[in-house]
Amino acid sequence: MTTYHLLFYFQFPNILEFQNKKNLLIILLSGIIGIGFGDNFLFLALKILGSQKLLILETMCPTLTCIIAYFYLGNPILFYQYIGIFITIFGIYLVIITNKSLPLEEKLIINNLEYLKNLHNKPEFKGYIYSFIFNICTVFGGIMSY
């Protein structure tokens, strides 16, 4: 939607009637953060982790949006949102535990301290960091345009 606004704003200035230039700047900034930076980190994480692991981590975006909107915008977290957060986290846990293609040490990551100690030496660690940055950029881009 933001790209559409940016492409047609200068040709048809009456389509978007911004009250001031600050609103246009916020929309531009949200697009740069959410799409520009976010998608770059998405592709970096995809290259390292693969689509299966990345999609599991990407399902945390709505949960992060709810939590960051609570702190950043002051939006209250309602009861049904707590239920949604619980279902999302529990669903990710079930996928990780029941996934036969993941190695056993990744399934039992909570119980395996040696795996956690050596995680930063594994090439996947950068993929997890990139995925987290992607989620944060996407969430902040969406919240800024709100």
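Bear in mind that the values in this text are calculations on the coordinates, not laboratory data. For clarity, every value in this text was computed on a predicted model and none was experimentally measured. Methodologically, a virtual Cβ is constructed for each residue, glycine included, from the backbone with ideal geometry; neighbour enumeration extends over all protein chains shown.
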Placed amide H near ASN75: partners under 5 Å, 5+ positions off or other chain:
TYR70
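What does the extension gain come out to for LYS21 and ILE87, with contour length at 0.36 nm per residue minus their alpha carbon separation?
Contour length minus the Cα-Cα distance gives 19.7 nm.
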Environment charge at PHE41 (Cβ cut-off 14 Å; Lys +1, Arg +1, Asp -1, Glu -1)
0
On full extension of the chain, what length is gained from GLN52 through GLU124, given 0.36 nm per residue of separation minus the C-alpha to C-alpha distance?
24.6 nm
